[in-house]
Amino acid sequence: MQNKAFGVVVVLLLVMAGCTRSGNGGNEHALRIAMIPTTDPGKIVRESQPLVKYLEKETGSRIELVVPTNYAAVVEAIANNQVDIAYLGGFTFVQASRRAGVLPLVQRERDQNFHSVFITQPKSGINSLADLKGHSFAFGDVNSTSGHLMPAYYMRAANVDPGVIAKAFYSGGHDATALAVANGKVDAGAMDELVFGTMMKSGKITPEQVRLFYTTPAFFDYVWAARKGLDPKLSGSFADALLKLDASNPEHKVLLDLLNATKYLRAEDASYDKLRQAARDEGLLK
């Protein structure tokens, strides 16, 4: 069963720099890292190479980075000790914590005050959650915090027609949701606020194609977490590497921009109690 967890992995980056470090013949530990595919997995791997090189330098370990094609595969991997550290969404962290006792390490400052955004076409006539009745709707991955769990939670709290949620299309990722709305495949959708902003800034979607009509209240979201039993020295060196990133340092600023971050803070398990309750209310966590 453990091998199935990576049966869907389509990209694997083995960064071998440092494998021939002089005098470190016994220090060849590979730190296995996985990231949930918030956007295209291949794109994440390509763009993460500067981060991988930085982490190798700071931790003294060879870094192996994997980005599966869905969120569940990352939970399976860390639960089955196939990766050491994972970049998880709030909901996938809650799942992995319940299943395997993973430990939160660090998160971006903005992850402590995160939002989902709801988007539609400019002329759709949808201006509020109540207006979604009778319209098609897209979530991202079923295990996404900002692309499913919290949008659905706030939709139910606002008494949105249950049929909208029940018949929703699952795009598999935030970028796919944005494109589904922009291309008229669905009338509206919910997604990660940062991915929305990045896609608008890059021109992958435009104001002529989509507009934002609702933003959720804040919640805790993305977090780096370590598997239970990982050597504290390894998890500590990883956490320290991110915590030391300083926006006033030009080299660090490049990495922070890549990570959509301004700074990193230590993460606490108790911060995710609200998400745990939301998942129970949605019947997604037993």
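Here are a few things to note about the model shown:
- Cross-link pairs exceeding 20 Å between alpha carbons, from the set LYS233/LYS253; LYS123/LYS167; LYS43/LYS274; LYS253/LYS274; LYS133/LYS185; LYS57/LYS244: LYS233/LYS253; LYS123/LYS167; LYS43/LYS274; LYS253/LYS274.
- Loop-located trypsin sites (Lys or Arg not before Pro) in the stretch 30-139 (DSSP state not H, G, I, E or B) with no more than 15 neighbouring Cβ atoms inside 10 Å: LYS123, LYS133.
- Surface composition of the chain: carbon plus sulfur atoms hold 51% of the accessible area, using a 1.4 angstrom probe and ignoring ligands, DNA and RNA.
- Length released on extending from LYS201 to GLU47, taking residue separation times 0.36 nm less the Cα-Cα span: 53.7 nm
- Loop-resident sites, the stretch 122-228, for chymotrypsin sites (Phe, Trp or Tyr not before Pro), counting at most 16 other Cβ within 10 Å (DSSP): none
- Based on the Kirkwood approach, the hydrodynamic radius assigned to the stretch 46-101 is 12.3 Å, with every pair of different Cα atoms included.
- Over the stretch 80-221, the Kirkwood radius and the radius of gyration, each from Cα atoms, give a ratio Rg/Rh of 0.99.
- Computed over the stretch 230-286, Cα set: Rg, Dmax in Å: 16.0, 46
- Helical runs assigned H by DSSP (4 residues or longer) give the chain a calculated mean residue ellipticity at 222 nm of -10000 deg cm²/dmol, each run adding -39500 (n - 2.57) before division by the residue total.
- Averaged per residue, the stretch 162-286 has 49 square angstrom of accessible surface, using a 1.4 angstrom probe with ligands and nucleic acids left out.
- Amide H partners (placed H, <5 Å) of SER171, local residues excluded: PHE139, GLY140
- Based on alpha carbons, the Rg and Dmax found for the chain are 19.2, 67 Å.
- Long-range amide H partners of LEU31 with built H, under 5 Å: ARG62, ILE63, GLU64
- Near ASP131: Cβ cut-off under 11 Å, other residues only, Lys/Arg at +1 and Asp/Glu at -1. The net charge is -1.
- Span-rule helices in the chain, defined as complete DSSP H runs reaching 27 Å or more along the axis (Cα) with Kyte mean at least 1.6: none
- Computed from the alpha carbon atoms alone, the convex hull of the stretch 183-236 holds 154 Å³ per residue.
- If you wrap the stretch 64-164 in the convex hull of its Cα atoms and look at it from every side, the mean projected area works out to 8.2 nm².
- If you bin all the Cα-Cα distances of the stretch 162-266 at 5 Å, starting from zero, the percentages per bin are 2, 9, 16, 15, 15, 13, 12, 9, 6, 2, 0.
- Within the chain, the longest run free of exposed loop sites, counting GluC sites (Glu not before Pro) that sit outside DSSP helix and strand states (H, G, I, E, B) and have at most 13 other Cβ atoms within 10 Å, spans 29-207.
- Beta bridges per DSSP with both ends in the chain, % antiparallel, nearest 5: 65 percent
- Think of the chain as having a plus end and a minus end, set by charges on the Cβ of Lys, Arg, Asp and Glu; of SER237, ASN260, ILE205, SER237 sits farthest toward the positive end of this dipole.
- Amide proton proximity set for SER116, modelled H, under 5 Å, gap of 5+: THR216
The values are calculated or read from the model by the stated rules, or taken from the named source; none is laboratory data. Nothing here was measured: the structure is a model prediction, and the numbers come from that model. Please note: Cβ atoms are built from the backbone with ideal geometry, for glycine as well, and neighbour counts cover all protein chains shown. With ligands, DNA and RNA removed, areas are computed over all heavy atoms of the protein, side chains included. Shrake-Rupley method; radii C 1.70, N 1.55, O 1.52, S 1.80 Å.
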